[in-house]
Amino acid sequence: MIGQMTVLTVLFISFIGYYFGLRPMLSAVPVREDDPLQLTLGQVQQRLSGFALKVQNSSEDATLLQSDPMLKEVAARNPEFHYYIRVGAREFGDAELSYFKEMQLIELDRIKAQNVPGACLQLNSALDEAAGQGFVSYTNCSDSASYYEYRGIRNALDLDTSRTQYYPRWLWSYSGSMLLAAAGVFLIFIAIVMLNVNLIRRVAALTRAFDPKNLEQKLPEKGLPIEVVPLVQAVNEMISKVDQSQKRHDFFLSTAAHEMRTPLTVLRTRLEMLDDGEVKDKLVGDVGRLTSLANQLLRLMSINGGRKLDTLVDLVASCQKVIAEREPLAEARGVALRLDSEVAACRVVGDADLIEVAIANLVDNALSFSGSGGSVVVTLDAAGKLSVRDAGPGIVEAQLSTLFEPFSKFPPNRNGHGLGLAIVKAVADLHGAQVQAENAAGGGAVFTLAFERVG
């Protein structure tokens, strides 16, 4: 795309340079520094060709030529001086004294229009007559033909014959054309920038739409401009490397957790055979925590591995089941545990076992922070938003951003392995739900799971 725009810019500049720069220069009479007459001819040439060009682009009044001081001085010094300009059907100057009709250029225009309308006709010829020198110029490269002539110049004006005065005047006379060319280049530059910005936004949109859970999927490379393809290829290579690293990581964790379960079970069995005592109880408790860690790791890996969700799950029934299972623990802690639901049933698409695990982890977390005499309230609204509020000290603001990361615990010395809330987050991501933790007004913390209700 950038290459195409570069070619377009070069073509545009070339056209502007030819039409407004090279073309008028080619039609001009060569100027010699030591010949005032040739310089006078060049000045007249410049006036007439510039006027013809303005007539082509806009409507110009003949009085501009008649009042030109330089042309007046030329006419005063050269009694035989005459000029004639014709642009389309508009005429300026001495038509009766011109060579236009003798050269039958009108007939030539007609033949061109009928047979070769796309052709470009040009005629430039210097005149050297007894009455003086002159010049004839004819151009028909568009729908409107342009012709001008002058003759009868024998006496030169008192002009500066050095080129140091000529080139600044030439530059000034064509400054408008140069500004037009600069404006065109600037517009093309803006177009290039906007196109590249749109391409970057397109790639960014594709990247944002990328599913990090499906690392086998790659960003599409077809249909993109060639300038952007290397960037997309580099991103796809990075995705492949991340995918391989993630697979090795998950394989290690799941294998390690699975292989730990058997020796831990054997170790616990042997510990149970020991005589009762304080040391035995501590060892059995330690083995139990290791077994719980292995089970939680396996559960987390199974969730991250993805499951097919095609079952309707009633959130009300899941909450009732979890509360019934946790009620004895809540009574033992002196904590009131209850469910407040706005609806009798709230169905979502998902896995019932995983949803119950997530709710149970939130309830267990709330019970662990609620002291005797406190309460844990599970609420469910009609939209499918499930909240668990405890009566604990709340959450430190600095911990909110890392609360759902694996092995994150607050406070760090509390019981558990820091995987309960990570499992909640994994279940929420699998079901397309939103999970959030915040401090409740009046004390305590509120954990929210927002599902999409389907019935």
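Projected label points at Glu237 and Asp281, each 7 Å from Cα along the beta carbon direction, are separated by 6.2 nanometres.
If r is the Cβ-Cβ distance from Lys218 to Ala352 and R0 is 35 Å, what FRET efficiency results, to the nearest 0.05? In this case the efficiency is close to 0.55. Looking at the stretch 55-104, which trypsin sites (Lys or Arg not before Pro) are DSSP coil and have at most 12 other C-beta atoms within 10 Å of their C-beta? Here the trypsin sites (Lys or Arg not before Pro) that fit, given the DSSP loop and packing criteria, are Lys101.
Label-to-label distance, Val228 versus Lys247, with points set 7 angstrom from Cα along the beta-carbon direction: 2.9 nm. Applying 1/(1 + (r/R0)^6) with R0 = 35 Å to the Cβ-Cβ distance of Lys112 and Val197 gives a FRET efficiency near 0.15.
With 0.36 nm allotted per residue and the present C-alpha distance subtracted, the Val266-Glu80 stretch has 54.3 nm of extension available.
Let me know the shape class of the stretch 311-450, please: from the alpha-carbon gyration tensor, a ≥ b ≥ c as square roots of the eigenvalues, rounded when a/c is under 1.5, otherwise prolate if a/b is greater than b/c, or oblate. Cα axes put the stretch 311-450 in the oblate bin. Give a quick list of GluC sites (Glu not before Pro) in the stretch 333-442 that DSSP marks as loop, anything other than H, G, I, E or B, with at most 13 other Cβ atoms within 10 Å. Sparse-neighbourhood loop GluC sites (Glu not before Pro): Glu342. Computed from the C-beta positions of Leu206 and Asp364, the FRET efficiency with R₀ = 51 Å rounds to 0.80. One decimal place: the segment Val396-Leu97 gains 97.6 nm when fully extended, by the rule 0.36 nm per residue minus the C-alpha distance. Counted residue by residue at 0.36 nm each, then reduced by the alpha carbon distance between them, the extension gain from Ser67 to Leu187 reaches 39.4 nm.
None of the figures in this text is laboratory data; all of them are computed from the coordinates on show. The structure presented is a predicted model; accordingly, all values stated were derived computationally and were not measured. Note that each Cβ is placed from the backbone with ideal geometry, even for glycine, and that neighbours are counted across all protein chains shown.
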